[in-house]
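Below is one structure, written out as structure tokens; comments come after it.
The values are calculated or read from the model by the stated rules, or taken from the named source; none is laboratory data. Only a predicted model underlies this, so the values are computations on that prediction, with no experimental measurement involved. Neighbour counts are summed over all protein chains in view; Cβ atoms, including those assigned to glycine, are modelled from backbone coordinates with ideal geometry.
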Amino acid sequence: MNYSFSTSIVPYMRVINIILIFFVSSQFLAQEMSFDIDEHHIDPFGKNSDLVGFIPLFELSSDYLHSKNQSNQIVRLPASIDKVKTAYGFISFSGLKNSMFNKEIALLVEHYTSSDPVIYLDRNGNLDFNDDGLPLTLHDELIVQLANEDDSSAYYHYQIGRSKITDANEAQLRNRYASKFPQNAIVSAKNWLTSRRLSVRVSNDMLEEKPITIFLLDNSVDGLFTFQTDEYGDRILVVEGEIDENQDLTSILRQAQPIDHNAVFELYGNNYFIKHASRNGNEVILAVTSQKTGRVFKDGEDISDFAIPLLDGKTTAIKDLLQNKKYLLIDVGGTWCGGCIKQEPTIKRIYESGQVGVVGLFDHDTPKSVRKYIVAHDIKWPVALVDATFKTRFNITSFPTYILVTPQGKIILFDSNSEAIEKYLSD
């Protein structure tokens, strides 16, 4: 048998293979797009939100600073600082491996009772307040940028402002924080600072001439965007259209996924996966995929059969909590959550109206801490601990989160503002 014919076409087959490889590669490259991400950082609760975190301040009465769990000696104060008129506090930042305070940095506030206090940030966490650049003067509010120790191009941002605590709330708030800092002499809450974490980086882009918005969530508070599967891990979200960043974004951001190749988003009829996201958040590459998108409860979805294990050991379905054609409010928070406690009077008012049922879900708590909280705060509605299934299906990333369910068992609203829930119910 003569095989000379097959060997004679080998060169041609190689040419065809090269053409096919080039064609397939071109097809793949045509479905892959790189985006330069805007240097724009926002609060997940929206620009119009009045939800802020507090930075309680303490008298600078010695050479030591005391956080909740640590005490460390100051290495060096600014030479001209007036210690008598200076207070100190802490803000969260996990971008420094060798910070003297674990996942926190200290700040000094000189003339803290004045309308224009001066802030010294210990940017590198070494408690030497002379090697951190110029101090900042706070007139109304300012943006603070903190650099990651491993990547100086990666930043975390805070919006710092002045406390607007009323006389009626001042003593209660001061006492609540004072118990958490037993070694400190706490100053009046009227002189505290407020902080808003600008933890979401937003970029408006075009995908094949159609608008998309890319969100990067720095939940780890370190300036980097890295793959982490835990609930406080960094996240990414890509959605169709341009999003109004003035609104509360917590409902939208629930759809965010951990930053890796399994993060898949449907955009204008195609599914795209995250082929690459730079650690400093400056670039994202999307590519077409046949993978399916993740499974997270969305607005309008029927959750009546979803089961919740209550604190008393019983398991109940959402439909069993829907009684007398009432709406149901799922209040997701924790005994440690200041924003949850601040909004509790509104939740009680909603519950006492008799028009809405409430169930409380506590995250990062124990049965003991929740039972103690129930007694101390006179909670009348059923409560539960957040379990793994709830975390997966609802993908809650901020606290508090309020989920309003219709009498038919469908999600009608996600919000972090209890007054928005109350307004919706009254309209």
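Brief remarks follow.
- Identity of the residue in segment 364-390, in contact (Cβ under 8 Å) with a residue 60 or more places away in the chain and in a loop (DSSP other than H, G, I, E, B), that ends up farthest from Glu344 (Cα to Cα): Asp387
- Filtering segment 313-341 to residues that are in contact (Cβ under 8 Å) with a residue 40 or more places away in the chain, more than 21 Å from Leu425 (Cβ to Cβ) and not in a helix (DSSP H, G or I) leaves Thr316, Gly334, Cys337.
- Cross-chain or 6+ apart pairs with Cβ under 7 Å, segment 406-427 first and touching a residue at least 12 places away in the same chain (Cβ under 8 Å), then among the acidic types (Asp, Glu) and part of a loop (DSSP other than H, G, I, E, B): Lys410/Glu301; Ile411/Asp299; Ile411/Glu301; Phe414/Asp299; Asp415/Asp248; Ser416/Asp248; Asn417/Asp248
- The set of residues in segment 150-169 that are in a loop (DSSP other than H, G, I, E, B) and within 12 Å of Asn280 (Cα to Cα) comprises Asp150, Asp151, Ser152, Ser153, Ala154.
- Residue that is modelled with the lowest pLDDT, among those in segment 159-194 that are over 20 Å from Ser115 (Cβ atoms) and among the aromatic types (Phe, Trp, Tyr): Tyr177
- Where Thr397 falls short, out of the listed (1) closer than 24 Å to Ser199 by Cα; (2) modelled with pLDDT of 90 or more: (2)
Yes/no matrix, rows are residues, columns are (1) over 23 Å from Glu208 (Cβ atoms); (2) among the small types (Gly, Ala, Ser); (3) in contact (Cβ under 8 Å) with a residue 40 or more places away in the chain:
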position	(1), (2), (3)
Asp230	yes, no, no
Asp234	yes, no, no
Glu245	yes, no, yes
Ile252	no, no, no
Pro258	yes, no, no
Glu266	no, no, no
Gly269	no, yes, no
Ile285	no, no, yes
Thr289	no, no, no
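- Residues of segment 34-64 that turn out to be aromatic (Phe, Trp, Tyr) and modelled with pLDDT under 95, as a count: 2
- Residue list for segment 387-410, restricted to those being buried (at least 21 other Cβ atoms within 10 Å of the Cβ) and touching an Asp or Glu at 6+ places or on another chain (Cβ under 6 Å): Tyr402
- Condition met for Ser418 (out of contact with any Leu (no Cβ under 8 Å at 6 or more places or on another chain), surrounded by 15 or more Cβ atoms within 10 Å (Cβ to Cβ) and among the small types (Gly, Ala, Ser)): yes
- Assessment of segment 396-406 against the conditions (more than 20 Å from Gln247 (Cα to Cα) and small (Gly, Ala, Ser)) yields no matching residue.
- Residue match in segment 102-115 (condition: more than 21 Å from Arg162 (Cβ to Cβ), out of contact with any Phe, Trp or Tyr (no Cβ under 6 Å at 6 or more places or on another chain) and not aliphatic (A, V, I, L, M)): yes
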